[in-house]
Structure formats: C-alpha cells, structure tokens
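*Asks:* Below is one structure. I have some questions about it.
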Amino acid sequence: MSDDRPLEQLTNLGKISARQLAEIGIKSEADLRAVGAAAAYLKLKDHFGRGVSLNYLYALDGALKGVRWDAMPETERAVIRAEASTLLVGKKKKTSPGKSRKRDP
C-alpha cells in the first residue's frame, strides 16, 4: 500500500476533509502520517474552530489505520483522545508566559 495516496482515497476522508486538511498544509497520506492524527486534529480545531468535533479526530486516526471511525473500539478512541489532550497541554505550556519571567523596569 502506498504511503502517499491522496487524502480522498483514505477511509473516512472525502473532498471536504481533504480540502480542510490542505488548508493547514496536509496534502497527502504521507503528510498526515508525518504530522499524526492528534496533531492534525488540533491544527484543524485551531483553524476551523467549533465545527471540528471529536469524530474528526477518530476519522483521522481511522484513516491512518484503515478503520471506519464509527467502528473504532472505545479503547482506541480513548488512546487518541489522550494523545490529543497531551499535545494540547504541551502546546498551552509553550504558549503561556512563564511565571518566573522578570519584567523590565
């Protein structure tokens, strides 16, 4: 199986999701694999806001695994949710100002 298929050819993804992913710089299966489902989901959430639900996260993970998002076991859903949560916490730590910063007078 090629690792560089167009996104529309992956399970769970169609023209709209492929367009949205392209807007955030993910244009192929290889791009999605390099970024990872959880990071791609967070980028989509940042770019498109509330319209990006957890089902999108499951769809992205399922696309990389060749599994329909709605058939994904809850244990796998919990793992990918935890991964996204960990990335989000790390992102917030990087972007929030440190409490130990000194202010210029």
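The values are calculated or read from the model by the stated rules, or taken from the named source; none is laboratory data. As the structure is a computational prediction, the values presented were derived from the model and not from experiment. Cβ atoms come from the backbone with ideal geometry, glycine included; neighbour counts cover every protein chain shown.
*Asks:* Hey, Glu29 hits all of (1) within 19 Å of Glu83 (Cα to Cα); (2) buried (at least 19 other Cβ atoms within 10 Å of the Cβ) but one; which does it fall short on?
*Replies:* For Glu29, the failing item is (1).
*Asks:* A further question on this structure: Do you know which residues across the stretch 40-57 are aromatic (Phe, Trp, Tyr) and either closer than 16 Å to Glu8 by Cα or free of Cβ contacts under 8 Å to residues at least 40 places away in the same chain (or both)?
*Replies:* Hits for the stretch 40-57 are Phe48, Tyr56.
*Asks:* Is it true that Lys15 is surrounded by 13 or more Cβ atoms within 10 Å (Cβ to Cβ), of a type in the set (Lys, Arg) and out of contact with any strand residue (DSSP E or B) (no Cβ under 8 Å at 6 or more places or on another chain)?
*Replies:* So Lys15 does not fit the description; no.
*Asks:* For the stretch 68-79, indicate whether the set of residues that are at pLDDT 95 or above and within 11 Å of the chain's Cα centre (by Cα) is non-empty.
*Replies:* no
*Asks:* Please specify each residue of the stretch 33-63 satisfying the condition of being assigned to a helix (DSSP H, G or I) and small (Gly, Ala, Ser).
*Replies:* If the condition is that a residue be assigned to a helix (DSSP H, G or I) and small (Gly, Ala, Ser), then Ala34, Ala37, Ala38, Ala39, Ala40, Gly49, Gly51, Ala59, Gly62, Ala63 are the ones that fit.
*Asks:* Is at least one residue of the stretch 83-100 at pLDDT 95 or above and charged (D, E, K, R)?
*Replies:* yes
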